[in-house]
Amino acid sequence: MHSHTPAADEFAFPADLPVPQPLRDLLQACPQLRDSSANVSGFFAFHAEPPRAVARYFGGEGHASGQFAAQQLGVFGTQPDGAAIAVWRAPQGGMPVVYLGSEGGGRVLASDALQFLRLLGIGYGEFSLSGDMDDPPEEGSEVARELLEWLGGQGLAVPPTGEDIVSEAEQRWPDFDGWIEDAVQGRLQQSASGSAAPATGAAHAPAPEGGGSPWVQMLACIGRRIDDPVVRQWLASVGAKPLKPATPHNNRTYVTSQSTGIAVFAERAPRHRSLWPPVRDGRVWRTHVVRILVPAQAAQVVPLPQGCRGSTFQAPMQTIPM
């Protein structure tokens, strides 16, 4: 394997891909963390890998689409199972930190290098293709004192879990796994020149004028994308957190308001990959509200029509964009 332990100012990134400043700053301040045997956090180790070696994640050095993909990634970390941690030059903009599985697939971990270092500070043993990191790490997990002190010196708090860091990144870049598949299938180079905004999809209930009643607002949410302002505002009004997008490994997502018992369910649409829009059209996993459960005890928050004692309200299939 073409790899080596990085110096404070040296990673094997593609020539036109800048090394994030937080990585430089950390390794300059804590050079002992450069060594591949250093206990940084869990099984993570700093690691440099040139593009010609990174291409192996997409089919090998002779694979044109994989070579193009490798030029969009700067590997700076690894795990014992062969998985890599890298900065991704995303087609839609930004430099999130991503996970490359040793046997294929990947996921977004953090919106930038600084947020990833906060994630390392939590002390998870290793990263993987699944799990939203809503639980703290197992007891006995180790994090380098130098890393924690450096984060503290930057005024950065280490959260108890990685849920918020990972969720924010996944909502902004939901299609990294699809991007990998396109690279493997040889489609990436031909379609990577465009980065148009995603299609908005089919028609749904119009937004209520002047806000409308909570009941009308709820009905307007069904069939809409989860990032639609109408959906976000209504969720906040009933005490529920924003919905997370579906992922390649989870077709459905839901959120429940603990104060009202209202549950909102969303699904990825379309479900079948053959129907997904291409990368050049800004493909993302468009996740839409498909069902809302309103229990009887929530009537004070969402007054139900006369004679209705709580029910489930579901989107007709024609309202879900395909």
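The values are calculated or read from the model by the stated rules, or taken from the named source; none is laboratory data. Since this is a predicted model, take the numbers as computed values, not measurements. Note that each Cβ is placed from the backbone with ideal geometry, even for glycine, and that neighbours are counted across all protein chains shown. To get the accessible areas, we keep the full protein, side chains included, count just its heavy atoms, and leave off ligands, DNA and RNA. Shrake-Rupley method; radii C 1.70, N 1.55, O 1.52, S 1.80 Å.
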Problem - Inter-probe distance in nm under a simple model that places probes 7 Å from Cα toward Cβ, at GLU146 and ASP132 - result: 3.6
Fill in the blank from the handout: 1/(1 + (r/R0)^6) with r = Cβ-Cβ of GLN154 and SER102, R0 = 30 Å, i.e. FRET efficiency to nearest 0.05, evaluates to 0.45
Problem - Gain upon complete extension [GLN185, GLN32; 0.36 nm per residue less C-alpha separation] - result: 51.1 nm
Problem - log₁₀ of I(q)/I(0) at q = 0.16, 0.28, 0.34 Å⁻¹ - region 144-184, Debye sum with one point per alpha carbon - result: -0.63, -0.92, -1.04
Problem - Interchain or long-range residues, amide H under 5 Å from SER41's placed H - result: ALA144
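Could you order THR287, THR161 by accessible surface area, starting with the largest, using a probe radius of 1.4 Å?
Numbers: THR287 5, THR161 30 Å².
Ranking THR287, THR161 by accessible area, largest first, yields THR161, THR287.
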Fill in the blank from the handout: When the charge dipole of region 112-174 is computed with +1 at the Cβ of Lys and Arg and -1 at the Cβ of Asp and Glu, the Cα pointing farthest to the positive end, of PRO160, LEU148, PRO136, is that of LEU148
